[in-house]
Ligand SMILES: [Fe+2]
Ligand SMILES: [Fe+2]
């Protein structure tokens, strides 16, 4: 697994862990993010059981295990959070935040005895990492999960967007940052048209995110948007019609 530092201001750093060369071909590629502060570390969508050993050894190059204070699950999918029980076993000091909707569902990922979750209400909330630093859980419901949150870090001006902006890239050496946006669309379009259920939640999320003026938008699959590609991505998403589906016609159901 590879790690890149994508933001650094004193002790406040963003890491992206991904582009995992040891990943099996049948496992979808994922980006994991960590926000390091002087007072604790937040792990954003720490990933599946499959990648846990490599995530752990890679992360330990940057922070001691005791430093992990918060875990966040944007939604309930296995590629997001099926490693939860393993992290909580190793980091009993950590608090785990996810939508109120998924608290009792992710409890099925329990292996040991401890799996507590802090519920995020529909309207979102502030999530403290340490005494002085917090991030915001921004509603992203129905994008694609019905209980779903993005993470906004106002200091770094970085938005973690979960499955929004996800791209299924053809090779594991693909660039970390989107280079040619128009060319990148072909890796995003089919995913959004099938995984995103409706247009209205997408438009609403775009409005909320535009007002934040992010410097970067970081998806859980694919490449990161920065500079002019942030607004290009938001414009593209705002005009995308996902309600026609992709590869599956609901009117043809038996
Ligand atoms: Fe998902
Ligand atoms: Fe995903």
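The values are calculated or read from the model by the stated rules, or taken from the named source; none is laboratory data. Since the structure is predicted, the reported quantities are computational estimates derived from the model, not experimental observations. All Cβ positions, glycine included, derive from the backbone under ideal geometry; neighbour counts span all protein chains shown.
Pairs meeting the criteria (first residue in the stretch 54-75 and under 12 Å from residue 93 (Cβ atoms) and in contact (Cβ under 8 Å) with a residue 60 or more places away in the chain, second residue outside any loop (DSSP other than H, G, I, E, B) and more than 16 Å from ligand 2 (Cβ to nearest atom), beta carbons under 8 Å, at least 6 apart or on different chains) are 69/40; 69/41; 69/42; 69/95. Being modelled with pLDDT of 95 or more, farther than 22 Å from residue 219 by Cβ and in contact with a strand residue (DSSP E or B) (Cβ under 6 Å, 6 or more places away or on another chain) holds for only one residue in 126, 99, and it is 126. Restricted to the stretch 99-214, the set of helices (runs of 4 or more DSSP H) holding at least 3 residues that are more than 16 Å from ligand 1 (Cβ to nearest atom) and free of Cβ contacts under 8 Å to residues at least 40 places away in the same chain comprises 181-195, 199-212.
Residue-by-condition table, conditions (1) within 16 Å of ligand 2 (Cβ to nearest atom); (2) more than 18 Å from the chain's Cα centre (by Cα):
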residue	(1), (2)
59	no, no
73	yes, no
92	no, yes
101	no, no
137	no, no
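Residues in the stretch 230-245 include none that are in a loop (DSSP other than H, G, I, E, B), touching a residue at least 40 places away in the same chain (Cβ under 8 Å) and surrounded by 23 or more Cβ atoms within 10 Å (Cβ to Cβ).
Please work out which residue is surrounded by the fewest Cβ atoms within 10 Å (Cβ to Cβ), limiting yourself to the stretch 6-28 and to residues that are in contact with a strand residue (DSSP E or B) (Cβ under 8 Å, 6 or more places away or on another chain) and closer than 18 Å to residue 57 by Cα. For the stretch 6-28, the residue satisfying everything is 21.
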